[in-house]
Structure formats: C-alpha cells, structure tokens
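Here's the structure, in structure tokens; my notes come after.
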Amino acid sequence: MVEIRTDWTRDEVQRLYDTPLMELIYQGATVHRTHHETGEVQVCTLLSIKTGACPEDCAYCPQSARYQTPVESHGMLATDEVLAAARAAKEAGSTRFCMGAAWRCARDGKDFDHVIDLVSGVADMGLEVCCTLGMLTDDQARRLKDAGLYAYNHNLDSSEAFYDRIISTRTYQDRLDTLGRVRDANISVCCGGILGMGETHTDRVDLLHTLATQPEHPESVPINALIAVEGTPLANQPRVPWYEMARMIATARILMPRAMVRLSAGRVDMSLEEQALCFMAGANSIFTGDKLLTTDNNDLDADMEMFDILGLKSREAYKNAKPEQVPAGAAG
Ligand code: SAM
Ligand code: DTB
Ligand code: SF4
C-alpha cells in the first residue's frame, strides 16, 4: 500500500509534475492499481437546477449575469422534473447525481428548502447525491447532510495567486472556509480545478499542492478543461491539449491515491485514445449524459462503446465510503 500523505512539499509536487509524461502516467497507473480496481469508473450525471443570472464574475462561467452568453437563465426546476432526470440518469448507469445552482451562496428560504426536498428525493433512489450551490453556512451544510447529501462540489479552480485574475467577487479563503464547513458536517468533499484559463504550470502545481495538503484529501478531485464559451472573458482561450490533462490527472492520482480523480469538463473534445490515456494515468470518474450544467457533453452511446472497447465498468454507489458519510438508509 502506498502511504497517504498530506505533508507533500511544494518541491515534491513540482518534481512529480515535471516527470517525463510516459513515466508519470506509468507511476499514476501503478498507484491507481494499489488503491482501486483497474477499469472501474464512477459514472456521474449533472443537472443544473437553477441556471444563469449569477451575481459572481467567474471569468470562465457562462452563467455569470455579467456576460452575454448563449445560456438561457431559469429559476429552480420543479421536483418532478429533477426526480425524472435522476431516475433517467440511474437507468443510464449513473451512480452519482449532482445538482448545481448558479448561486454565489445558498440563501435560506423557499429555494433552499426545495433543494433539501430534492436531495432527500434523489437519495431515496439509492444514488449518491452531490450538490454544488456556492458558499454554505454550517447550518446549511448540516441540513443538507440530514437530508441525505453525500458529497459537495466546491472547486478551488486554480492557485491562490491566479484566483483574483479570474474571480473578483470572492476570495480563495472563502472557498477554503466552505470546504472546511462541508468536511465538518461529514459530507464528502469534491474539489478540483480548471486547466486552460491562462494559468501557468506553477499555478497548476500550486493548486495540486493545496489540494494534497488539506487536512484530509478531497474524496473527489475533478480536473476540468476550460469550456471556452462565447461571451465570457475567456472565450478565446486555446483548447487544453490532452497531454496536459493526463499530466494533471497522473500527478493528482499519485498525490491523492484514494481520491476519485474525475476527467471532468472538456472530455467532449477528446478522442477515445486521449481519454484512454487519462484513464491509464489514474482518472476513474466521468460525467455522462448529454449535458454538463449548460454545455454539451459526450454522446451516451459513444461512452458505452468506449466502456466496451476499453473494458471499463461502472463503480457501485457508496463503494469504500466512510460510514459517517453514508446517509442513513443508503445501501453501504
Ligand atoms: N455556483 C457554484 C460555484 O461556483 O461553486 C456552483 C456551480 S459552478 C458552475 C461549478 C463549477 O463548474 C465551477 O467551480 C467551475 O470549476 C466549473 N465550471 C464552470 N464553468 C466552467 C467552464 N466553462 N469550463 C470548465 N469548468 C467550468
Ligand atoms: C466540476 O468540477 N465540473 C462540473 C461540476 N464540477 C459541477 C461543472 C462543469 C461545468 C462546465 C460548464 C457548463 O456546462 O456550464
Ligand atoms: Fe456563478 Fe458558480 Fe458560475 Fe461563478 S462558477 S459565475 S459562482 S455559477
């Protein structure tokens, strides 16, 4: 067994990240095999339950009210619609359902009460429930947990140094504070970043170092390639090459051996071969379904064919979950 460390030095992370790619992928694959079943991939589905008109100014995001983008805003989706989407995701092979809201922070009241109902409805289907709702208070984290929430997504996106180049309306510390509240409520943490926003390799190493030196590693680490959406300040950013995704994934895998490392946004632009190298490097989670939150995702039939060709199989819900994080009544 590889030791789980949260005391990685910045230099160690840099050295790993700088390893020649074929060697790095081999090391990622080796660590992966000691902690996970080869070929097992977590299949997750996203749904935007409240879209657009967000007060934040995240430069990558088509849902910010500050930019003119093709995204059509809508208020909270009704319960039937959300539960039908969760049922369809389960039937299509997903084991995790993640609901996203374009909020700066969750505000107590009618909409938050509705989210609580949605969480308990989806948890009752035996799916792992994840939410991404912006900043949370302790009380909101506890209410979500009591309703059956298993995971909370809150990304650090990049290094602390680069953060204020992409977001001015909140700080890195705000992000870390919410992550601490989620952890304290015994909700599993999903936290990762985005490549391709104009950050340097130094920023990527800093992000990996921050993630890998949290008091506990995030249980899931999504690695997103920027989806450059028309109208956002980052609309003209060049596409992230597959080998930069593979490098980030392999390094994350070696630093955080038990985490689910998700080949997240940007998969839609990758060939089967490029995705295969990312799985080899240590990715073991993806989003399926026609949409991420607002942008197109890979075709489901193509994903099923890929699973067949590569010999991948779906990971069951709550596998290896910490007992205190599994909601009461869920199959453990
Ligand atoms: N509003 C909440 C928040 O920001 O925490 C939750 C929803 S937000 C859309 C969830 C995450 O999606 C962001 O933290 C960001 O990492 C990712 N994201 C948003 N737009 C993206 C894009 N164009 N390309 C890649 N990832 C993106
Ligand atoms: C994450 O890291 N990536 C997902 C999920 N967590 C919430 C979101 C990707 C969003 C891509 C742009 C969109 O579809 O709006
Ligand atoms: Fe709003 Fe989240 Fe998009 Fe930022 S990433 S603009 S907080 S929806």
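For residue 144, state whether it is without any contact (Cβ under 8 Å) to a residue 40 or more places away in the chain, of a type in the set (A, V, I, L, M) and more than 15 Å from ligand 2 (Cβ to nearest atom). For residue 144, the condition - without any contact (Cβ under 8 Å) to a residue 40 or more places away in the chain, of a type in the set (A, V, I, L, M) and more than 15 Å from ligand 2 (Cβ to nearest atom) - is not met.
Every condition in (1) closer than 30 Å to residue 169 by Cβ; (2) touching a residue at least 24 places away in the same chain (Cβ under 8 Å); (3) not acidic (Asp, Glu) is met by residue 127 except one, and the failing one is (1). Evaluating residue 297 against the criteria (1) farther than 21 Å from residue 250 by Cβ; (2) modelled with pLDDT of 95 or more; (3) of a type in the set (S, T, N, Q) leaves one unmet condition, (2).
Residue 246 meets each of the listed conditions (1) touching a residue at least 24 places away in the same chain (Cβ under 8 Å); (2) away from ligand 2 (no atom under 16 Å from the Cβ); (3) surrounded by fewer than 21 Cβ atoms within 10 Å (Cβ to Cβ) apart from (3). Of the residues making up the stretch 115-133, those that are within 16 Å of ligand 1 (Cβ to nearest atom) and either under 20 Å from residue 42 (Cα atoms) or open to solvent by 10 Å² or more (accessible area, probe 1.4 Å) (or both) number 5.
Looking at 101, 85, just one residue is at pLDDT 95 or above, within 16 Å of ligand 2 (Cβ to nearest atom) and under 18 Å from the mean Cα position of the chain (by Cα), and that residue is 101. State yes or no: is residue 31 assigned to a helix (DSSP H, G or I), among the β-branched types (Val, Ile, Thr) and either within 16 Å of ligand 1 (Cβ to nearest atom) or over 19 Å from the mean Cα position of the chain (by Cα) (or both)? Criteria met by residue 31. Counted as qualifying within the stretch 121-185 are the helices (runs of 4 or more DSSP H) with 3 or more residues that are in contact with a His (Cβ under 7 Å, 6 or more places away or on another chain), namely 172-184. Tell me which of these residue 188 doesn't satisfy, since it passes every other one: (1) within 19 Å of the chain's Cα centre (by Cα); (2) among the polar types (S, T, N, Q); (3) under 22 Å from residue 75 (Cα atoms); (4) away from ligand 3 (no atom under 14 Å from the Cβ). Result: residue 188 passes all but (3).
Flag not set for residue 13, criterion: open to solvent by less than 20 Å² (accessible area, probe 1.4 Å) and in a strand (DSSP E or B). Applying the criterion of being touching a Lys or Arg at 6+ places or on another chain (Cβ under 9 Å), small (Gly, Ala, Ser) and buried (at least 16 other Cβ atoms within 10 Å of the Cβ) to the residues of the stretch 22-58, the residue that is nearest to residue 250 (Cα to Cα) is 28.
I'd like to know if the stretch 141-148 contains one or more residues that are within 16 Å of ligand 3 (Cβ to nearest atom) and buried (at least 21 other Cβ atoms within 10 Å of the Cβ). No, the stretch 141-148 contains no residue that is within 16 Å of ligand 3 (Cβ to nearest atom) and buried (at least 21 other Cβ atoms within 10 Å of the Cβ). With respect to residue 139, is the statement that it is more than 18 Å from residue 59 (Cβ to Cβ) and either within 18 Å of the chain's Cα centre (by Cα) or at pLDDT 95 or above (or both) true? Yes, satisfied. Within the stretch 59-68, the only residue that satisfies the criterion of being surrounded by fewer than 16 Cβ atoms within 10 Å (Cβ to Cβ) and either closer than 19 Å to residue 193 by Cα or touching a Cys at 6+ places or on another chain (Cβ under 7 Å) (or both) is 65.
Among residues of the stretch 152-168 that are among the polar types (S, T, N, Q), those with a Cβ under 8 angstrom from a residue that is within 13 Å of ligand 3 (Cβ to nearest atom) and in a helix (DSSP H, G or I), sequence gap 6+ or separate chain, pair up as 155/175; 158/166. Residues of the stretch 191-217 that are part of a loop (DSSP other than H, G, I, E, B) and more than 10 Å from the chain's Cα centre (by Cα): 196, 197, 198, 199, 200, 213, 214, 215, 216, 217.
The values are calculated or read from the model by the stated rules, or taken from the named source; none is laboratory data. All figures in this text were calculated on a predicted structure; none of them were measured in a lab. In this analysis, Cβ positions are derived from the backbone assuming ideal geometry, glycine residues included, and neighbour counts consider all displayed protein chains. Quick note on the areas: whole protein, heavy atoms, side chains included, nothing else; ligands and nucleic acids left out. Shrake-Rupley method; radii C 1.70, N 1.55, O 1.52, S 1.80 Å.
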